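Here's the structure we're looking at; comments come further down.
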Amino acid sequence: MTLIEQLKQDLINAMKEKNKEKLNTLRSVKAAIQMEVINNKKEENDDLVLDVINKQIKMRNDSIEEFKKARRDDLVNSYQNEIDILKTYMPEMLSDEELDQIIANAISKTGASTVKEMGIVMKEITPIIKNRCDMKEVSCKIKDLLK
């Protein structure tokens, strides 16, 4: 079963169970996927779905930070629950050891030695780690290794 089929099935199940929070979350993701397909003339596939879900998670994390500043704990909890729902569709995250190994292999393979060559390393590892770890963390680790 593809990821989009799983999303649609879970959407139907949420309707049947009258789980409004999950239903609203999945509807927003489905709408975001449709917008991405229409606006960028992309084909609906698992990679696109993962990219959209990842963006949705990041948007909700940003909102949580703002809500914490405003002391809106009710909204923080609500958005955190939405993030938890969305994370069930994401692939398993890489451990720090796995990520370090992938970065080390990419650096040795590309022969990068300075921060200026960071783009070459990122280009090498992005297809491997996409949607499986925080790219900001990856960027920081590569910068530290290439100093």
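Quick note: the coordinates plus some simple rules give every number you see, no bench work behind them. Every value quoted in this text rests on a predicted model; they were computed, and no experiment measured them. Positions of Cβ are backbone-derived with ideal geometry, glycine not excepted, and every protein chain shown enters the neighbour counts.
Does LEU50 qualify as being under 30 Å from LEU146 (Cα atoms), part of a helix (DSSP H, G or I) and under 17 Å from the mean Cα position of the chain (by Cα)?
So LEU50 fits the description; yes.
If I ask for residues that are over 21 Å from the mean Cα position of the chain (by Cα) and among the basic types (Lys, Arg), which ones from segment 101-129 would you list?
Those that are over 21 Å from the mean Cα position of the chain (by Cα) and among the basic types (Lys, Arg): LYS109, LYS116.
Is segment 76-86 home to any residue that is crowded, with 17+ Cβ neighbours inside 10 Å, among the β-branched types (Val, Ile, Thr) and in contact (Cβ under 8 Å) with a residue 60 or more places away in the chain?
Yes, segment 76-86 has at least one match.
Please specify each residue of segment 106-127 satisfying the condition of being out of contact with any Asp or Glu (no Cβ under 7 Å at 6 or more places or on another chain), surrounded by 12 or more Cβ atoms within 10 Å (Cβ to Cβ) and under 28 Å from TYR89 (Cα atoms).
Those that are out of contact with any Asp or Glu (no Cβ under 7 Å at 6 or more places or on another chain), surrounded by 12 or more Cβ atoms within 10 Å (Cβ to Cβ) and under 28 Å from TYR89 (Cα atoms): VAL121, MET122, GLU124, ILE125, THR126.
Of everything in segment 1-49, what is surrounded by 15 or more Cβ atoms within 10 Å (Cβ to Cβ), without any contact (Cβ under 8 Å) to a residue 12 or more places away in the chain and under 24 Å from ASN77 (Cα atoms)? Give them in sequence order.
ASN19
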